[in-house]
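Note sheet for the following structure.
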Amino acid sequence: MLDVYSLSMQSSDESGKQRRYLSVAQEILTAIATEKYAPNERLPAHNEIAAQFGVSRPTAREAFLALELIGAIEVRHGDGTFVRQSRVRLGGEHGSPLDVPPRELIETRWAIEPVAVSLAAKRITPERIELLDNYIDEQQRVVEDPSKVAEFVTLGLRFHADLAPGCGNALLADVISQLVNTEQHPLWALVNQQAMPAIAARQRQVDEHRAILDAVRGGDGPLSCETMQKHLGGLDRTLFMGGREL
C-alpha cells in the first residue's frame with residue numbers, strides 16, 4: 001500500500017510529465033508560428049524531437065498527438081508528420097476530439113466570470129488591480145513577438161485567474177481558477193495558442209483585458225459584466241466559429 005508521501009510524489013511526477021509534453025508541444029507551435037517549420041513541411045521524427053528537447057520518446061509522441069488534436073499538424077501514413085497547410089479551427093462540420101471539452105469550458109466561463117467581475121468592481125483591492133495592470137503591460141510587451149505567443153497566452157490566463165479573487169467570494173474565485181488552470185486542462189493552453197497566430201488577434205485580447213480592468217477600476221459592475229461577456233464571446237467565435245451575441 002502506498003503511503004501519503006508516495007502518493008504525493010506520484011502525483012508530482014504525473015504533473016511534471018504533463019507539463020513536459022505540453023511544453024514540447026508549445027515549442028513546436030512556436031516554431032510553426034515563426035515559420036521555422038513551413039506549411040506542408042515534414043516535422044522531425046519523434047526520436048529527433050525527444051533528443052532535441054531532452055524528453056522521452058513517449059513524451060514527444062504525446063506532444064505530437066496534442067498538436068494533431070488541435071489541427072496544427074497531420075499524420076500522412078507512410079510519409080511522416082507534416083505542418084498543416086492552414087490553421088484548422090476547432091469545431092466546424094466534423095468537429096474535433098477537443099471540441100466538446102473546450103467549448104464547455106468557454107460556456108461555463110461565459111456564465112460565471114461576468115458575475116464575478118461585476119462583484120470585483122465593488123470589492124477588488126488596489127494591490128490586485130496593480131497586479132492585473134502588470135499582466136496587461138507584459139502582454140503588450142510581447143504582443144508583436146511570434147516567438148512569445150506561449151508566454152502571451154499564459155499571461156492572459158493568469159489575468160483571468162488573478163482577477164477572479166477580486167470578487168471577494170472564495171468559492172466563485174476557486175471555480176474560475178480551475179477553469180483556466182492549464183495543469184487541470186493541459187490542452188487548453190494549446191487551444192489558446194493555436195487561436196492567436198496573428199498580431200491583431202493578440203492586440204485585441206490586450207485591449208479587451210484593459211477594457212475589463214478599466215471598468216472594474218471604475219467600480220462599474222454592469223459595464224464590467226458586459227465587457228467580460230463580449231471578451232469571452234469573442235474568444236468563443238475565434239475558437240469555434242460560433243460565439244454568442246449580446
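So the values come out like this:
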{"read-out": "Unmet requirement for Arg87, which otherwise passes all of (1) touching a Pro at 6+ places or on another chain (Cβ under 8 Å); (2) modelled with pLDDT of 75 or more", "value": "(2)"}
{"read-out": "Residue list for the range 57-87, filter: part of a helix (DSSP H, G or I) and among the acidic types (Asp, Glu)", "value": "Glu62, Glu68"}
{"read-out": "Out of Gly221, Gly168, sole residue that is surrounded by fewer than 17 Cβ atoms within 10 Å (Cβ to Cβ), under 19 Å from Ala121 (Cβ atoms) and of a type outside the set (A, V, I, L, M)", "value": "Gly168"}
{"read-out": "Search result, residues across the range 132-165 that are hydrophobic (A, V, I, L, M, F, W, C) and not in a helix (DSSP H, G or I)", "value": "Val143"}
{"read-out": "Residues that are more than 18 Å from the chain's Cα centre (by Cα) and either β-branched (Val, Ile, Thr) or surrounded by 21 or more Cβ atoms within 10 Å (Cβ to Cβ) (or both), drawn from the range 122-164", "value": "Ile124, Thr125, Ile129"}
{"read-out": "Enumerated helices (runs of 4 or more DSSP H) restricted to the range 169-225, each holding at least 1 residues that are touching a helix residue (DSSP H, G or I) at 6+ places or on another chain (Cβ under 6 Å), in contact (Cβ under 8 Å) with a residue 60 or more places away in the chain and more than 22 Å from Glu151 (Cβ to Cβ)", "value": "170-179, 199-217"}
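Listed here are the residues, each with its yes/no results for (1) modelled with pLDDT of 95 or more; (2) not aliphatic (A, V, I, L, M).
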site	(1), (2)
Pro165	yes, yes
Ala170	yes, no
Gln193	no, yes
Gln203	yes, yes
Ile212	yes, no
Asp236	no, yes
Gly242	no, yes
Glu245	no, yes
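Here is a yes/no grid of residues against (1) in the same structural domain as Glu27 (by TED's automatic domain parsing); (2) modelled with pLDDT under 90; (3) within 15 Å of Leu190 (Cα to Cα):
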residue: Val55; (1), (2), (3): yes, no, no
residue: Leu65; (1), (2), (3): yes, yes, yes
residue: Ala72; (1), (2), (3): yes, yes, yes
residue: His77; (1), (2), (3): yes, yes, no
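The values are calculated or read from the model by the stated rules, or taken from the named source; none is laboratory data. Worth saying up front: this structure is predicted, and the values here are computed from it rather than measured. Cβ: placed from backbone, ideal geometry, glycine included. Neighbour counts: every protein chain shown.
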